[in-house]
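Visitor: Once you've had a glance at the structure underneath, I'll fire off some questions.
The values are calculated or read from the model by the stated rules, or taken from the named source; none is laboratory data. Nothing here was measured: the structure is a model prediction, and the numbers come from that model. In this analysis, Cβ positions are derived from the backbone assuming ideal geometry, glycine residues included, and neighbour counts consider all displayed protein chains.
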Amino acid sequence: MNLLVTGAAGFVGSSYVRGLLADDSAGTAAVTVLDKLTYAGTLTNLPVGHPRLEFVHGDICDAALVDKLMSGADQVVHFAAESHVDRSIEGAGAFVRTNVLGTQTLLDAALRHGVGPFVHVSTDEVYGSLETGAWPEDHPLRPSSPYSASKASSDLIALSYHRTHGLDVRVTRCSNNYGPHQFPEKIVPLFVTNLLDGETVPLYGDGRNVRDWLHVEDHCLGVDLVRTKGRPGEVYNLGGGTELTNRELTGLLLAACDADWDRVEYVEDRKGHDLRYCVDWTKARTELGYRPRHDFASGLAETVAWYREHRDWWEPLKRGARLR
Ligand code: NAD
């Protein structure tokens, strides 16, 4: 079985591939990774040289390359995306190109070569913001940022290939992930690495925004359950982490790094900042037996320890992207 995994030099996809390759049981898949190695992707996230891994440096919008790779694939897990909301506010072009047109390029090739399941990895952000309760999968999509709008668009295109052409497409919508190997522009690694360097951390607005934090390995567990046990044409919410305001998360990160609140710099709120996300993941639990395994307190402590011990991983990335 040959699995084509896009965007697996990034945070979530690389965790997924490392997990697959660590499983040596008989019949496990050969994995082909297609990744453009944008600022967010690095080969240091992958076990390059592993006998079941082939890495292809390329763009999911490159129709000829995608067609060639799809002709040798049995299944697809599609992580590749422009993923940072702040960057999408500064400029949406790359988001529409990669997230919408890139997804359509992959779907067309999958259709031509009869490849499926095709797991399209999406996000809870497509639902927009809600003050109370939790979204089920059939909740209307009301994305707020160019990032979430491009992901919502790609979800709809992916699902249309099931409805129109019968392609075996499955969509996941997951809450916020934390864990090792996350590019240090996102809140957890940015704050931890700034604090480890004795610097301040920028907290948006009043810090009241609520996110559900899930360990990246639990996200990957859910994605693989959808690939192996999910149903064609279905959407599965993946959540079940820990709901925290950004202020609460900041307090935990300060404590984990032995730092005080005087290290927090309150900065102007993000434009269109969603107040709260929360997915109802009953469907994944009851249909697929999905359940997060990581306890948040120990998962966060291990994550902070990982960044503490892997300066060689994040220092060059931060320097390259001019992040502080
Ligand atoms: P990331 O930014 O860390 O990684 C994205 C990867 O995609 C990088 O390796 C990059 O090089 C690659 N890529 C970008 N454009 C490409 C292109 N045109 N062609 C080929 N490769 C390209 O992102 P992530 O956090 O790992 O997110 C992966 C997926 O999971 C995304 O689709 C995202 O929407 C979804 N997701 C992420 C989270 C989260 O908390 N990180 C939560 C829910 C859903």
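Visitor: I'm trying to understand the selection: among the residues of segment 32-45, which are in a strand (DSSP E or B) and surrounded by fewer than 24 Cβ atoms within 10 Å (Cβ to Cβ)?
Guide: Narrowing segment 32-45 to residues in a strand (DSSP E or B): 32-35.
Once the filter is applied, which keeps residues that are in a strand (DSSP E or B) and surrounded by fewer than 24 Cβ atoms within 10 Å (Cβ to Cβ), segment 32-45 yields only T32.
Visitor: Further, regarding this structure: Taking segment 1-40 on its own, how many of its residues are at positive phi, modelled with pLDDT of 95 or more and of a type outside the set (A, V, I, L, M, F, W, C)?
Guide: 1
Visitor: Among the residues of segment 181-199, write down those that are out of contact with any Pro (no Cβ under 9 Å at 6 or more places or on another chain) and away from the ligand (no atom under 11 Å from the Cβ).
Guide: Matches in segment 181-199: L195, L196, D197, G198, E199.
Visitor: Which condition number in (1) within 18 Å of L221 (Cα to Cα); (2) in a loop (DSSP other than H, G, I, E, B) is the one that A284 fails?
Guide: If we test A284 against (1) within 18 Å of L221 (Cα to Cα); (2) in a loop (DSSP other than H, G, I, E, B), just (2) comes out false.
Visitor: Go through L130, L156 for me and flag whichever is among the aliphatic types (A, V, I, L, M) and farther than 22 Å from G240 by Cβ.
Guide: Working: L130 fails: farther than 22 Å from G240 by Cβ.
Testing whether each residue is among the aliphatic types (A, V, I, L, M) and farther than 22 Å from G240 by Cβ leaves just L156.
Visitor: Across segment 224-278, what is the total count of residues that are within 20 Å of L141 (Cβ to Cβ) and among the β-branched types (V, I, T)?
Guide: Of the residues in segment 224-278, 2 are within 20 Å of L141 (Cβ to Cβ) and among the β-branched types (V, I, T).
Visitor: Could you grab me the full set of residues in segment 72-130 that are part of a helix (DSSP H, G or I), touching a strand residue (DSSP E or B) at 6+ places or on another chain (Cβ under 6 Å) and more than 13 Å from the ligand (Cβ to nearest atom)?
Guide: Selection gives A110 alone.
Visitor: Within segment 1-17, track down each residue that is more than 12 Å from the ligand (Cβ to nearest atom) and buried (at least 21 other Cβ atoms within 10 Å of the Cβ).
Guide: So the first thing to find is which residues in segment 1-17 are more than 12 Å from the ligand (Cβ to nearest atom), and the list is 1-3.
If the condition is that a residue be more than 12 Å from the ligand (Cβ to nearest atom) and buried (at least 21 other Cβ atoms within 10 Å of the Cβ), then L3 is the only one that fits.
Visitor: If I filter segment 97-115 for residues that are assigned by TED's automatic domain parsing to the domain that holds S15, surrounded by fewer than 24 Cβ atoms within 10 Å (Cβ to Cβ), of a type outside the set (S, T, N, Q) and in contact with a Pro (Cβ under 9 Å, 6 or more places away or on another chain), do I get at least one hit?
Guide: no
Visitor: List pairs: first in segment 87-111 and without any contact (Cβ under 8 Å) to a residue 40 or more places away in the chain, second away from the ligand (no atom under 13 Å from the Cβ), Cβ under 8 Å, 6+ apart or cross-chain?
Guide: Filtered contacts from segment 87-111: no entries.
Visitor: Determine whether K36 is without any contact (Cβ under 8 Å) to a residue 24 or more places away in the chain, assigned by TED's automatic domain parsing to the domain that holds G222 and of a type in the set (K, R).
Guide: Numbers: without any contact (Cβ under 8 Å) to a residue 24 or more places away in the chain: no; assigned by TED's automatic domain parsing to the domain that holds G222: yes; of a type in the set (K, R): yes.
No; evaluated as a whole, the condition is false for this residue.
Visitor: Identify, by number, the condition in (1) within 13 Å of the ligand (Cβ to nearest atom); (2) touching a residue at least 40 places away in the same chain (Cβ under 8 Å); (3) not β-branched (V, I, T) that A152 doesn't meet.
Guide: In the conditions (1) within 13 Å of the ligand (Cβ to nearest atom); (2) touching a residue at least 40 places away in the same chain (Cβ under 8 Å); (3) not β-branched (V, I, T), A152 misses (2) alone.
Visitor: Quick one: how many residues across segment 200-234 are more than 19 Å from E302 (Cβ to Cβ), of a type in the set (V, I, T) and within 13 Å of the ligand (Cβ to nearest atom)?
Guide: Final tally of qualifying residues: 2.
Visitor: Right, here's the next one. Which condition does S160 not pass, out of (1) of a type in the set (G, A, S); (2) part of a helix (DSSP H, G or I); (3) more than 16 Å from the chain's Cα centre (by Cα); (4) within 16 Å of the ligand (Cβ to nearest atom), if it passes all the others?
Guide: Going through the list (1) of a type in the set (G, A, S); (2) part of a helix (DSSP H, G or I); (3) more than 16 Å from the chain's Cα centre (by Cα); (4) within 16 Å of the ligand (Cβ to nearest atom), S160 breaks only (4).
Visitor: Let me ask you something else. Tell me the residue from G230, G198 that is closer than 25 Å to W314 by Cα, over 17 Å from the mean Cα position of the chain (by Cα), modelled with pLDDT of 95 or more and not basic (K, R), please.
Guide: On the way: G230 fails: closer than 25 Å to W314 by Cα.
Result of the check over G230, G198: G198.
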